[in-house]
Structure formats: C-alpha cells, structure tokens
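Taking it in order: structure first as structure tokens, then the write-up.
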Amino acid sequence: MSRNAAISRARSHLDSGDFETVLSRLVAIPSESQNPKRKPQLAEYLDQLRCMLEEFGCGCQVLAAAGAQFLYAERIEDPSLLTVLGYGHGDVVRGMDGSWAAGRSPWHLTKRNDRWYGRGVADNKGQHVINIAGLRAVLETRGRLGFNLKYLIEMGEEVDSPGLRELCTTHKKLLCADIFVASDGPRLSEDRPTVFLGSRGCVTFDISINARQSPYHSGNWGGLLSDPAIQIAHALATIVSPTGRILIPEWLPSELPDAVRRVLADCVVDGGPGGPDIDPAWGEPGLTPAEQVYGWCSFDVLAISCGNPQAPVNAIPASAWARCQLRFVVGVDCEDIVPALRRHLARTGLDMVQVTPSPDDGVFLATRLDPEDPWAKWAQDSIVRTTRKSPAILPNFAGSLPNDIFANLLNLPTLWVPHAYPGCQQHAPDEHLPVELAREALEMMAGLYWDLGELDTLPPVRRD
C-alpha cells in the first residue's frame, strides 16, 4: 500500500490494454451535442459512465436542468474528510466524418505511430477517463480513496453548457466540496505537465451598419452615399491597432499582477510541430507570448462581410457586418464590455454602428485562482514528485470554460490538469492523444489523487 504502487497500477491499466478498451468503447458513442439527432447517444454515454463509476462504489443519479441531463456520482467515505469535486464532459463536436485521414474514423479508436485517433480522445473523453482510472488505481491500492469524491459529467459543454449554472445553483448543497479538480484543454506543450488555475472570459458580439434598404449604383451615387463597409472598417480601426493592441481601456486589466508574471516567466509558447509561427509584433507591447495569451486580453474579428464577396457588383453596399470576440482576464468588468464599446463608438463619431451580443455564443466569465494560493503550490509539488518535471503553472486557460460556476458560484479553489496538447487537433479531423502523454497523465493523476488522501500534507481547507 504505497503511492508508487498506485502509480504503477495506473500505468499497468494502460500497458495491459484495458485503458484502450474503455476509451474505444466511449469513442464509439457519437455523442455530438451540436447534432439534435444525437440526443439518445448523449444518454447512452451517461449510462456508460454511470456503470464505470458505480463499479468502484459511487452512488449515481441523473440530474436535469434546463432540458439537459447530467450524471452526478459520489463516494462519501467520512464526512470529516476532504471532499473533492471532479468534472468532465462526454459530449463532442461534430465528428466531421469523411474529412479524417484514410483509415481513420471519428467513431473508431485507431492507433497510429503511438497516437490514438478518434473524436473525443483529447476533448474530453480521454481526459476524464484518465482521471477515473487514476481514482480507481488509488482505491484498489489503498482500499479507500482517503477523501470524499463527488463527480459531475455534463453532455453540453460544446454548446455552452446549457443548464449547468441552473443545476449548480439548485444543487449547491449537494455539490458542496473543498477543492475542484478536473481536466480539459491542452497542456502548454506535449511534454510538459501543466496546471491552469482558471480561464479567460469570453464575449462574442456583432457590430453592424444598416444604412439603407438596398445597394445603389456606385457610378450614380458614389461620393453621395455613406459606405457601410468603409465605416465598419474605421470602427474596427478604433477598437484595435494595426498590430492587434486593444484601444478601449475598459477592455483591459489595470495591470499584470506580479504573481502572474512570476509563474509565466518560464513558460514558452510556440506552435509546436505543424502549428503556426507566432507573430512577435502582434498584441500588447512589452508582453511575452505567455503573458499575452495567459495574462492579458485579446480581440479578434471572427467573420466580416458586406456586399456579395462571391460576385461583387458596382454598387455601394446597403449594410456591413462583423462578428467579433473579446477574450478577457480577471480585472475586466464583463457587464461593461458591450456598453464600453458603444460609448467608445459614440465618442469617435461612429454611433451609426450597432452592437449586439451574438445570439449563438454564451458569455464566459474570467476566473483565476491566485498562483500563490497554497493549492497551486500543492499541485505543483505533487506533479514534480510523480514526473520529476516542473509543471507549467498557468494563471488561467487561454480559452474559456464554465469555471466561474465552480470558482464563484460553488466557491471552490479550482485546479485543472490538462491531458491534451496544442497540436491534438481537437475540434478538427484527426483528433488524437499521444500514448506516452496518456501514460504520464495516468501516473500523474494517480499520484495527485493519492496525495489528496494524505490529510497531513494538504493546504488548509476554507469552509465558508
């Protein structure tokens, strides 16, 4: 009964082929939450996870909120022990059948060159299966976890987690815990273990100009009628500089905290094999790439249109439109992002530009556990002990997750330990998980879960 034995047991789960068998069974379920026809498969996936969790003594129930279903599992060993809340999502984006390389299918786990291919192996089926295997390894080695476990699986993360906030509000007492531990998103790089402590927020909105009912001939009316395309280009130019620097003060934090700078000092961001080259002059001047993407805000235009791009005609367009997105960090008032833009456009004489929140995307709030929080140091020490590698500690994920529900609504310190990497092709054809990354992740999570049962070594628990 030792930590090393639990880690060895987790590693054996992969080497024996058992892990691949389980992952293959789950990948075969086409749980596309973006496809309304896949509702039965969403329920099938929850049923599979229920069986897996019940096998090691969890009581399970399916909960519903806002028309969505969730699996809740718990194993309470002693109410006085630490309680850990885990989370994962079993839904995936569309499989994109027919776009994968020859011999590969989104719904069939395929192994090529020490990589497993299949939809969900990185986002998020493979990640929570690794965590469940780590829990099982600890339980089978120690005979108990040494802490209380609560686990929540949702089936709508890829469509902005409908019902998750309502569920956690209604069942706040049921979900009460001391620490949140979950896995999603990519590591900083394939070979470097990573912990991120929150996520950037995200607001998506449309800017548009509807000048008139129809286009008019540019020869007859050019110079007399306003051009919405030119106006919207000027509007964008007042929002962001030619080098990507955000020009609206309300969209930026007042500073980059020293603690954030310190943990990012040894984090190197690059595209990796097959990835893009970073543009060094893009974004906020004076920030390193890691500070830019993990400590600051970014603005992007996701789509823009006017006239008929496929068949331009000699006419002044009647309207112009752009879908824009701001990813923001702690320190930016989410409620003021759209109002601040409207005030800014009015000050610059562009109040003809309409700003409307995008109907297709939800709003994610920014969260960040202080990098100097004792739980961040505890997680770092646990991973070093298992892997002999210094993990990257990211103050927040560069993308967006519903972490504010766990951090703010449930009032939990949040630790995310990702088991994918930037080049894993998530949300694209040929999504994959390197076998060696999975092996290290299994060992790492077995060690981390083992350490959660060592009460004398844990940080002080805050119970408000």
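The values are calculated or read from the model by the stated rules, or taken from the named source; none is laboratory data. Bear in mind the structure is a predicted one, so any value in this text is a computation, not a measurement. With ideal geometry, Cβ positions are generated from the backbone for all residues, glycine too; neighbour counts draw on all protein chains shown.
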Looking for whichever is under 28 Å from PRO79 (Cβ atoms) and at pLDDT 95 or above here; the options are LEU394, LEU458, LEU452, LEU442. Which one fits? LEU452
Would you confirm whether any residue within segment 437-460 is assigned to a strand (DSSP E or B), of a type in the set (Ser, Thr, Tyr) and in contact (Cβ under 8 Å) with a residue 12 or more places away in the chain? no
Against the condition at pLDDT 95 or above, exposed (fewer than 13 other Cβ atoms within 10 Å of the Cβ) and assigned by the TED database to the domain that holds MET444, how does ARG347 come out, does it pass? no
Among residues belonging to segment 1-44 that are out of contact with any strand residue (DSSP E or B) (no Cβ under 8 Å at 6 or more places or on another chain) and of a type in the set (Asp, Glu), point out the one that is farthest from TYR72 (Cα to Cα). ASP15
Of all residues being touching a Ser or Thr at 6+ places or on another chain (Cβ under 9 Å) and in a strand (DSSP E or B) in segment 87-108, which is farthest from THR457 (Cα to Cα)? Just the residue, please. HIS108
When you look at SER24, is it of a type in the set (Gly, Ala, Ser), without any contact (Cβ under 8 Å) to a residue 24 or more places away in the chain and either outside any strand (DSSP E or B) or under 24 Å from PRO106 (Cβ atoms) (or both), yes or no? no
If the requirement is being crowded, with 16+ Cβ neighbours inside 10 Å, in a strand (DSSP E or B), under 26 Å from the mean Cα position of the chain (by Cα) and of a type in the set (Gly, Ala, Ser), which of these qualifies: ALA64, ALA73? ALA73
For segment 406-435, what are the residues that are crowded, with 23+ Cβ neighbours inside 10 Å and farther than 21 Å from VAL129 by Cβ? LEU412, PRO413
Go through segment 312-321 and count every residue that is assigned to a loop (DSSP other than H, G, I, E, B) and either within 30 Å of VAL203 (Cα to Cα) or in contact (Cβ under 8 Å) with a residue 12 or more places away in the chain (or both). 4
So, GLY59, is that one buried (at least 18 other Cβ atoms within 10 Å of the Cβ) and at pLDDT 95 or above or not? no
